[in-house]
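Working notes for the structure below.
The values are calculated or read from the model by the stated rules, or taken from the named source; none is laboratory data. Computed from a predicted model, the values in this text were never measured in an experiment. All Cβ positions, even for glycine, are placed from backbone atoms using ideal geometry, and neighbour counts span all protein chains on display.
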């Protein structure tokens, strides 16, 4: 009996293992490691897009917040101002009629007095202002102008009934501090989500 040797050389199985370790598994000319890297990059990009969409959908952004400091600056109360407009009101000590100061919060958190509304002209009430206009609307005198403040400093008293109105909500300032105590009002920015602000009156 004669045994014939084949001229075809059969590689040892270990040689495939060595090849895989050195060059990686080849798939259509693309190495497995390259394929996985591209897949990870694509997954990361998709996740970033989904996060951005979620943040936009939740309404992330800055909102204006009033900080009311009292008790020698040791205590504070925060009130959200969604549209950046609030009204500071009080009863005039001489005329005993309400006075409304309408403020707008600028992007840099400057407080700008835009309107002064009152019902009586006389002692202590302005009737003219540089580059301003005086109108009559709904039975009130409306003095329109721009006067800037970094903060508002005042003495809170129950007699003039100091209040802050934001939208449909009115806050009694004399309930926050002791009578005849100083109060400082200033604005800051606060990052928040829209869905966290739903149903909230304060900050």
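State all residues of the stretch 175-203 that are at pLDDT 60 or above and in a loop (DSSP other than H, G, I, E, B); if no residue qualifies, say none.
Of the residues in the stretch 175-203, the ones at pLDDT 60 or above are 175-193.
Answer for the stretch 175-203, where residues must be at pLDDT 60 or above and in a loop (DSSP other than H, G, I, E, B): 176, 177, 178, 179, 180, 193.
If the Cβ limit is 6 Å and pairs must be 6+ apart or interchain, which residue in the stretch 55-83 that is assigned to a loop (DSSP other than H, G, I, E, B) pairs with which residue that is at pLDDT below 75?
59/194; 60/193
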